[in-house]
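Coordinate-derived values only; no laboratory data. As the structure is a prediction and not an experimental result, all values here were calculated from the model. In this analysis, Cβ positions are derived from the backbone assuming ideal geometry, glycine residues included, and neighbour counts consider all displayed protein chains.
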Amino acid sequence: MSQELIRKIERDLGVPTKRAQAAAELADLALKDPVVAWPALAKWGAGNNAPIREAIAEAVAHVVEAHFDEIAPALAQTAANDDRFGNVVLPPCFRVMKAERFKTFQAHLRAAISQRRKTSPDELPMLEDIIDDDDTDFFAMDLLDHLLAREELSEPERIAQLLLMLNIGVGVGGLEQFYVNSSGDESTRLAAALEAVGASNLAEIVEQINQLFGSRGPSQSQVERRAQIAGFSTGAQQEWLRLIQEFDQAHNDVVSLLQRYVRKHRGSFGAA
């Protein structure tokens, strides 16, 4: 029965008007018949068709949000075994994970990557290759995978992970996404991290944004931080929107600046 459903779903993925529903059905099937569903999710989530990849990523993120405990181990395993799938599907999943869930998922991913290193060591990129990769997109996602697989981070590694999570948030919905999601728990550290890599203009914008939250700055609790944003006065809300837009228009060089920073501090980036 599941194989027949998979064939129907795969046909529907090719039809734009049916694609979102088909992706949702496939993601839901991962809860009911993971042995059948995950190979199909990996196939289409890492495929060459961009609209299908995006539909799969959003559908998986929805299931992660609703059924995290059931889905997280298999998601981590699939992402660890297929870099392209991970690069496509994990960013929207990170967006819906609260801080506690992100830490739990990081542990699942760390275990999955460790297992892959034991069974297929030649398939994973070496740290030096990641740092020297001329493709900044591959650099960003491969370095994030590397950092997520580490249990303890040096200060330069913490800066890199924070800015890579920022890059994901901005990529899927602007700087506002960073603040309203679990990644924003680190928002009080963001200006200093941007300053460290040479993005002084962006650091100044973030400092101005953080001042809108009052003398204590943005809360480290996602729920409380969202309440702070919702409670902005009319003037503060207008300034928030203006500064968010200014940041979003100017953030494009962050990954390039980060790569230069990582190359300068490569001795502080250890093996997983």
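For this structure, a couple of remarks:
- Reachable lysines, given that their alpha-carbon falls under 17 Å from the alpha-carbon of Lys32 and they are not under 8 places away in the same chain: Lys8
- Gain on full stretching of the segment that runs from Arg11 to Ala236 - 0.36 nm per residue minus C-alpha separation: 76.1 nm
- Those residues of the range 80-118 whose amide nitrogen sits under 20 Å from the label point placed on Arg226, 7 Å along Cα→Cβ: 91-105
- Summary value for the chain: 14 percent relative contact order, contacts being C-alpha pairs under 8 angstrom separated by 6+ residues.
- Separation of alpha-carbon centers, the range 1-28 and the range 176-192, rounded to whole Å: 36 Å
- Partners for Lys98 among aspartates and glutamates (Cα-Cα distance below 14 Å; same-chain residues under 8 apart left out): Glu65, Asp69, Asp185, Glu186, Glu224
- Helix axis angle, 68-81 relative to the chain longest principal axis, alpha carbon, degrees: 80 degrees
- Based on alpha-carbon atoms, the Kirkwood radius and the radius of gyration of the chain give Rg/Rh equal to 0.99.
- Each semi-axis of the equivalent ellipsoid for the range 1-117 is √(5λ) with λ an eigenvalue of the Cα gyration tensor; in descending order they amount to 23, 14, 13 Å.
- Angle in degrees between helix 234-250 and the longest Cα principal axis of the chain, rounded to the nearest 10: 70 degrees
- Estimated FRET transfer efficiency when R0 is 41 angstrom, pair Asp135-Ala99 (beta carbons, to 0.05): 0.85
- Over the C-alpha trace of the range 137-268, radius of gyration and Dmax come out as 14.6, 47 angstrom.
- Label-to-label distance for Gln3 and Ala111 is 3.1 nm, based on points extended 7 Å past Cα in the beta-carbon direction.
- Shape category assigned to the range 152-227 from the gyration tensor of Cα positions, a/c cut at 1.5: rounded
- With 0.36 nm allotted per residue and the present C-alpha distance subtracted, the Asp253-Ser200 stretch has 17.9 nm of extension available.
- Estimated FRET transfer efficiency (His67, Lys264; beta-carbon r; R0 35 Å; 0.05): 0.25
- Using a cutoff of 8 angstrom between alpha carbon atoms and counting only pairs six or more residues apart, the relative contact order for the range 161-256 works out to 31 percent.
- Compared with the dominant principal axis of the Cα atoms in the chain, helix 187-196 is inclined by about 80°.
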